[in-house]
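Data first, discussion second: the structure below is written as structure tokens.
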């Protein structure tokens, strides 16, 4: 059994989106994305399917030019190679589930430019 908390050691970074690995399983990596209001993750895509859960707050989630207003409790899944972006409408905590084959470094690079 593995146990993690989306709320433990929580830090809202004023300057950029905060990314942390909660834990890994045999098939996935569970990532916490912490965004202050108005922070952005620019358009990007993955080589593997992802699942995104809004744990707290509200996000504008852009997919192929369409903006979806996601709020606390919403969960979306995307197939590989689908362009998407995120804009925090409120301070937000997002749980991101990656394939074990995907890299956390890829996610971090999205937040750096």
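The values are calculated or read from the model by the stated rules, or taken from the named source; none is laboratory data. Just so it is clear, the model here is predicted, and its values are computed rather than measured. Note that each Cβ is placed from the backbone with ideal geometry, even for glycine, and that neighbours are counted across all protein chains shown.
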Problem set entry | Yes/no for residue 54 being assigned to a strand (DSSP E or B), in contact (Cβ under 8 Å) with a residue 60 or more places away in the chain and crowded, with 16+ Cβ neighbours inside 10 Å | no
For this session: Determine which member of the set 78, 86, 70, 96 is buried (at least 17 other Cβ atoms within 10 Å of the Cβ), at negative phi, without any contact (Cβ under 8 Å) to a residue 24 or more places away in the chain and in contact with a strand residue (DSSP E or B) (Cβ under 8 Å, 6 or more places away or on another chain).
Result: 70
Exercise. Mind checking whether some residue in region 25-42 is surrounded by 15 or more Cβ atoms within 10 Å (Cβ to Cβ), in contact with a helix residue (DSSP H, G or I) (Cβ under 6 Å, 6 or more places away or on another chain), in a strand (DSSP E or B) and in contact (Cβ under 8 Å) with a residue 60 or more places away in the chain?
Worked result: yes
For this session: Please find, within region 57-67, the residue that is surrounded by the most Cβ atoms within 10 Å (Cβ to Cβ) out of those that are in a strand (DSSP E or B) and within 13 Å of the chain's Cα centre (by Cα).
Result: 59
Problem set entry | Given (1) surrounded by 15 or more Cβ atoms within 10 Å (Cβ to Cβ); (2) in a strand (DSSP E or B), number of the condition residue 46 does not satisfy | (2)
Exercise. Which of the following residues is over 14 Å from the mean Cα position of the chain (by Cα) and either modelled with pLDDT of 95 or more or in a strand (DSSP E or B) (or both): 82, 21, 94?
Worked result: 82
